[in-house]
Amino acid sequence: KQEVTQIPAALSVPEGENLVLNCSFTDSAIYNLQWFRQDPGKGLTSLLLIQSSQREQTSGRLNASLDKSSGRSTLYIAASQPGDSATYLCAVRWQGNFGNEKLTFGTGTRLTIIP
Amino acid sequence: KAGVTQTPRYLIKTRGQQVTLSCSPISGHRSVSWYQQTPGQGLQFLFEYFSETQRNKGNFPGRFSGRQFSNSRSEMNVSTLELGDSALYLCASSLGAAGFSYNEQFFGPGTRLTVL
């Protein structure tokens, strides 16, 4: 069974700082790992997808890394802005016991950027 | 390219009633997945449909069902509503081919269901 953990559950940082969000997973046999952001009461916005064969992906101020051997991924946000305030979730796509692909989400990190 | 759309956006029902939610995936996407999100349980997987067939199922009671049409649009039905069914129901679409690591999920805005 795949378990996905995100620590810390909440994080507050001053505007302009660089920050790192963490995601850990227990089963390294994954297809990919995806990072999302969710604004209150809204759906999820895909930020980055890292395929199992990749080590990192970048989009603008965001950089996500993947280390399958240690079961870890990090999301690096450079020069944080108040608009980055949201809940960030990671999700791991993996193969279940009966050959079905499953997507398991972490519990999220609620990020607040202080102006 | 239009994103994933869900209707209705908000819904209020009473216990014992049934409800149907609709999801239209991104054009060309063949997989549609449904999730329930609550403050206490987080995001929980309901089921996934691919080419009109249920390909995957989470651990929800039989009151929760779904289907997918030939145009990939999907509906989710909840019968005999309970108070605990109050949640944000999210739909996600992807290209869907199994076993491919580039399968990226795109989510709709969700349907907020309140059961009184």
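The values are calculated or read from the model by the stated rules, or taken from the named source; none is laboratory data. Predicted model only: the values in this text are computed from it and were never measured. Ideal geometry is used to build each Cβ from the backbone, glycine not excepted, and the neighbour counts take in all protein chains shown. Protein only, heavy atoms only, side chains kept; ligands, DNA and RNA dropped before computing areas. Shrake-Rupley method; radii C 1.70, N 1.55, O 1.52, S 1.80 Å.
Among all positions in the stretch B:72-83, there is no residue which is closer than 19 Å to A:TRP94 by Cβ and open to solvent by 60 Å² or more (accessible area, probe 1.4 Å).
Within 11 Å of chain A (Cβ to nearest Cβ) and over 27 Å from A:ARG110 (Cα atoms): does that describe B:SER51? Considered against the rule, which asks whether it is within 11 Å of chain A (Cβ to nearest Cβ) and over 27 Å from A:ARG110 (Cα atoms), B:SER51 comes out as no. Only residues that are over 15 Å from B:GLY3 (Cα atoms), open to solvent by less than 60 Å² (accessible area, probe 1.4 Å) and facing another protein chain (nearest Cβ under 7 Å) were counted across the stretch A:42-61, and they come to 3. Check the stretch A:9-29 and report whether any residue there is within 11 Å of chain B (Cβ to nearest Cβ), under 25 Å from B:SER94 (Cβ atoms), of a type in the set (A, V, I, L, M) and assigned to a strand (DSSP E or B). No, the stretch A:9-29 contains no residue that is within 11 Å of chain B (Cβ to nearest Cβ), under 25 Å from B:SER94 (Cβ atoms), of a type in the set (A, V, I, L, M) and assigned to a strand (DSSP E or B).
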